[in-house]
1. Run the quick spin-label model on Gln124 and Gln88: label points 7 Å from Cα toward the beta carbon, then report their separation in nm to one decimal.
2. In nm, to one decimal, how far is the Cys103 label point from the Thr57 one, both placed 7 Å along Cα→Cβ?
3. Which of rounded, prolate or oblate describes segment 44-99 when judged by the alpha-carbon gyration tensor and an a/c cut-off of 1.5?
4. What accessible area per residue comes out for segment 60-114, rounded to a whole number of Å², with a 1.4 Å probe?
5. In segment 48-83, whose amide N lies under 13 Å from the spot 7 Å out along Cα-to-Cβ of Ala146? List them in ranges.
6. Rounded, prolate or oblate for segment 86-147? Axes are the square roots of the Cα gyration tensor eigenvalues, ordered a ≥ b ≥ c, and the cut-off for rounded is a/c under 1.5.
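The values are calculated or read from the model by the stated rules, or taken from the named source; none is laboratory data. The structure displayed is predicted, hence computed values, not measured ones. A quick note on method: Cβ atoms are made from the backbone with ideal geometry, for glycine too, and the neighbour counts reach across all protein chains shown. The area values use the complete protein model at the heavy-atom level, side chains included, leaving out ligands, DNA and RNA. Shrake-Rupley method; radii C 1.70, N 1.55, O 1.52, S 1.80 Å.
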Amino acid sequence: MRRNPHAIFATITASTLLLGGFATATAQAAPAKAKSLYAPSTLVLTVARGEDPMTATVERAVTLACAPTAEGTHPDPAAACKELAAVQGKFAELAAGPSNRTCTRQWDPVVVTAHGVWQGKPVQFSTTYGNACEMAGSMNDNAVFAF
């Protein structure tokens, strides 16, 4: 009895497609999960060395989730979420107000970034400071980027 390699390959391919179709149909038939009562607020915050957020070297990064409870790898998620809620998730407003900190004019750029979702809306924020002292002074030592 002679075996036809093309027929064997065609049979295996058809079987794979058929079984794959059953798996896809089964996956689509799974019941949907219940939706959360809270809009998602999950962020990744970074502090990096460099001028450009795309090329800067990340030194520290944390996660922060604010709904339904404050959690994540951030050292003080409750305080950070409270501050973000006070400015309605507008990171640029965290730096609002005068700084009372005296800093050197040394150029050692620091970039802070925030990426994720705040109350269901996408967030992409970055800003560059001349050095770490300027960053801390501009942020008025708030909890959001204190990690």
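1. 2.2 nm
2. The answer from the label model is 2.0 nm.
3. Oblate, since a/c reaches 1.5 and b/c is not below a/b.
4. For segment 60-114, the per-residue accessible area is 59 Å².
5. Inside the label zone: 75-83.
6. It comes out prolate by the Cα gyration axes.
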